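Here is the structure we will look at, set down as structure tokens.
What follows is calculated from the coordinates using simple rules that are stated; it is not laboratory data. What you see is a predicted model, and the numbers here were worked out from it, not measured in a lab. Cβ placement follows ideal geometry from the backbone for every residue including glycine, while neighbour counts extend to all protein chains displayed.
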Amino acid sequence: MIRRGEEYIKSLKEGNHGEVYYNGEKVEDIVNHHAFKIPIKTVAKYYDLHWEDEALRVYNRDVGEDTSISFFRPRSKEDLKKMRVGLNRIYDNYYGFFGRSPDYLNIWSMVFYAHAEDYFGKVFGSKIMENVINIYKEATKKDLFYTHAIVAPMYDRSRPPSQWEDPYIQIGVVKETNEGVIVRGAAMICTAGPYAEMLWYLPNIRRDSDPRYAIFFSIPGNSKGVKFITRRGFYPRENLGEFEYPISSRFEESDAILVLDNVLIPWDRIIFYKKPEEIEGFMWHTVQLRTWFNWHFAIQHYSRLKFYAGLAMAIAESVGINNFINVQEKLGEILIYLTLNEAALIAAEENGEYLPNIYRPNPYISITASHFNMRALPRVDEILRLISAGSSIPIPAGIRDFENPEERAMLEKYLASKGLPALERVKLFNLLWDVIGSESGMRYEQYDRFSRGDPTIRWAQMYTEVFKDRKREYVKLVRDIMDQMPNPKA
Ligand SMILES: Cc1cc2nc3c(=O)[nH]c(=O)nc-3n(C[C@H](O)[C@H](O)[C@H](O)COP(=O)(O)OP(=O)(O)OC[C@H]3O[C@@H](n4cnc5c(N)ncnc54)[C@H](O)[C@@H]3O)c2cc1C
């Protein structure tokens, strides 16, 4: 099934979301709440986009009906390309923002389904294999909006959560019952939690192998005891709007702390249980979730880099700095990042892996691209700051500055630039500020750095994990020459 935006909104109105707290109040009307109405509108538009662009719809062989391309299980290079092109359309529509759009977790559910037998069935038995299949089919047939949570609260990173004063700060199993297991604890951050209908919880159990944490599951947001404590909405304010905040007003995504207050997880919603050591197969080997989500991030980044390249060039050209070699060098740098991303997506597709049930993007390339962007995207933010310098700051407060004739006359004289009339210039610089300076812009920078984990750890993992099997090839090149070099006579 492919829903329309209004069906998603209707579902939220019917209460298909968690219990949401915002600034001391329990939110009753999530759809019209000022902190959530922007992302809800954007998600609704995501669903509608599927009806406007046929690249997003596909006949899904696994469920025997049309679904979103994001639920589609690629079996060949051509399938993966089709999927990537569809996702490109979604993220071009977001200019590369709004990374926690429904498609992100749809892909996770699809990947689990593809490995129902060779991983979940093999490791956990037929009941869990059935759960994986049913959860995917339910998500697909109802076109549900899933979000996810992984990371434990930052209580004390020097010790594993099982050694914290309260071992149930991180979500863990409290007891088993006939119906399922009771879990309690929190996750540090769950973007989109307040307005998603469903939740995947898949903790990072590499940090702590205590079996009480080794449980992955999917539940409806409105399950009893699921609570979200939401951060401040970064928009709207002071009656300002799309003119002043062109990015925040479209792509604000709420982030929340997830609390599971003695929540019953029915047996049929569990997909991983009690075998912490099996995380390796899930993340790195058989399922290779890491490859898939990094591939998806590279798609988001590609759309964003196109937008950032355009923004940087428009700014440089508007104020006549585009002929300076140092500015050209920086514009070139952004174009290099952009092109490397484009190349990585094509190469990941071209050099993917044919597995019995799925065609997977190339792991080395997908992970490298996404990890590279943890530093490339913040660098592009820096370039935007460097080239716009002080002119990014003195932008008139709002659209009404242009509605006062006396003020407008001054703005048209003193704020116009060589390349742009004043109004256009202000629009451009409002866009810039919403990328590099607003709360939403700063949050996106933090997201670019950390949303796939800490960059130091991820870059180190290129050596310790990703290239584990291949790095000897490179060392051997050196060894070969060393072996050919003469040794001193005995
Ligand atoms: C905007 C945003 C949205 C997000 N949305 C989601 C979401 O929807 N769902 C979700 O699950 N997660 C989400 N994340 C969280 C993200 O997954 C984590 O931020 C990420 O995994 C990094 O973990 P951490 O923040 O706990 O940092 P840590 O890994 O704890 O790192 C913190 C600092 O300590 C250092 N450090 C930590 N451990 C070590 C060590 N062993 N050795 C050396 N140094 C160490 C790191 O280098 C780093 O500087 C989001 C993050 C952001 C910023």
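Work out the P(r) tail for segment 73-142: percent of alpha carbon pairs separated by more than 19 Å, whole number. Let's see the in-between values first.
On the way: 1082 of 2415 pairs.
Cα-Cα pairs of segment 73-142 separated by over 19 Å account for 45 percent.
Treating the beta-carbon of each Lys and Arg as +1 and of each Asp and Glu as -1, no other charges, what is the dipole magnitude of segment 161-270 about its Cα centre, to the nearest 20 debye?
180
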### Message
For segment 153-216, compute the orientation-averaged projected area of the C-alpha convex hull (one quarter of its surface), in nm².
### Response
4.9
### Query
If you take the C-alpha gyration tensor of segment 1-51, multiply each eigenvalue by 5 and take the square root, what semi-axes do you get, largest first, in whole Å?
23, 11, 7
### Two-decimal Rg to Rh for segment 370-490 - Kirkwood Rh, Cα set
1.36
## Note on the structure
Taking every C-alpha to C-alpha distance in segment 289-453 and binning by 10 Å from 0, the per-bin percentages run 10, 33, 27, 17, 9, 3, 1, 0
### Summary
In deg cm²/dmol, rounded to the nearest 500, the helical mean residue ellipticity at 222 nm of the chain, built from -39500 (n - 2.57) for every DSSP H run of length 4 or more, is -14500 deg cm²/dmol
## Note on the structure
Over all viewing directions the Cα convex hull of segment 5-283 casts an average projected area in nm² of 15.7
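Give me 259, 31 ranked fewest to most by other Cβ atoms within 10 Å of their Cβ, as a rough exposure proxy.
Least crowded to most crowded, the residues run 31, 259.
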### Equivalent ellipsoid dimensions for the chain as semi-axes, Å, which come from the Cα gyration tensor, largest first
38, 32, 22
